[in-house]
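Below is one structure, written out as structure tokens; comments come after it.
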Amino acid sequence: MTGNGREKPSEMMIVLLIISVLLLIAIPNVTKHSKSIDEKGCAAYVKMVEGQIEAYKMDEKQAPESIDDLTEKEYLPGVAQCPDGRTLSITSEGKIEVEGESLSP
């Protein structure tokens, strides 16, 4: 910095270069972890839905036939889906399915 309070153009370019390099390093890591967060969030939501199915069974003395049964009786919010937008369904065996992948044992 010069004595009159103005920065030289070359100093500003160096600062911008350093900031750009840091952004180039940080952005790929954020996007990589975003997928992992979505997967873990979906697995946690499936576990919560399994718990709500058990509560439904105890209260209603029968298993729900579909996710709609759980939402109609307010065991789940209006739209039963993972944080990443994938929808849930209950199979004929009573397992939770996330867009074709069975996650329940």
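The values are calculated or read from the model by the stated rules, or taken from the named source; none is laboratory data. Nothing here was measured: the structure is a model prediction, and the numbers come from that model. Neighbour counts are summed over all protein chains in view; Cβ atoms, including those assigned to glycine, are modelled from backbone coordinates with ideal geometry. Ligands, DNA and RNA are excluded from the accessible area calculation, which covers all protein heavy atoms including side chains. Shrake-Rupley method; radii C 1.70, N 1.55, O 1.52, S 1.80 Å.
Quick notes on this structure:
- The residues of segment 54-73 that are open to solvent by less than 40 Å² (accessible area, probe 1.4 Å) and out of contact with any Ser or Thr (no Cβ under 9 Å at 6 or more places or on another chain), listed by number, are 55, 56, 64, 69, 70, 71.
- Scope segment 74-92; condition surrounded by fewer than 14 Cβ atoms within 10 Å (Cβ to Cβ) and touching a residue at least 40 places away in the same chain (Cβ under 8 Å); matching residues: 83
- Being of a type outside the set (Gly, Ala, Ser), farther than 20 Å from residue 95 by Cβ, in a helix (DSSP H, G or I) and touching a residue at least 12 places away in the same chain (Cβ under 8 Å) is true of residue 38.
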